[in-house]
Amino acid sequence: MCKALEELEEKGRIEGRREGEIKGEIKGEIKNKILLIQKKSQRGDSMEKIIDDLMESIEFVQPIYEMIKQNPELSVDEIYGIINK
């Protein structure tokens, strides 16, 4: 294969790897927020307090908070899977 094609392939691999890393970082951040909402909810914090503490929008917190209240047995991974359908 010519050098130019090899360089293009390598560039594509690097870009793909970086894109995967970014998606993984975002997934990790969301899972961490779910965990915090779960812990604060179990501690008895109100949704408003959680929104204020985490500096997140009601649109982000409310569905997670309500899911936790209705299904306290769900794991972080299960909640993440449900909200990302």
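Every read-out reported here was derived from the displayed coordinates using simple, explicitly stated rules and does not represent laboratory data. A quick note: this is a predicted structure, and the numbers were derived from the prediction, not measured. Cβ sites come from the backbone with ideal geometry, for glycine too, and all protein chains shown count toward neighbours.
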| task | Determine the pairs where a residue that is without any contact (Cβ under 8 Å) to a residue 12 or more places away in the chain, located within the range 59-85, has a partner that is surrounded by 11 or more Cβ atoms within 10 Å (Cβ to Cβ) with Cβ atoms under 8 Å apart, the partner being 6 or more residues away or on another chain. | result | Leu74/Met67; Leu74/Ile68; Leu74/Ile82
| Just checking, which of Glu29, Glu6, Glu48 is among the charged types (D, E, K, R) and over 30 Å from Glu73 (Cβ atoms)? | Glu6
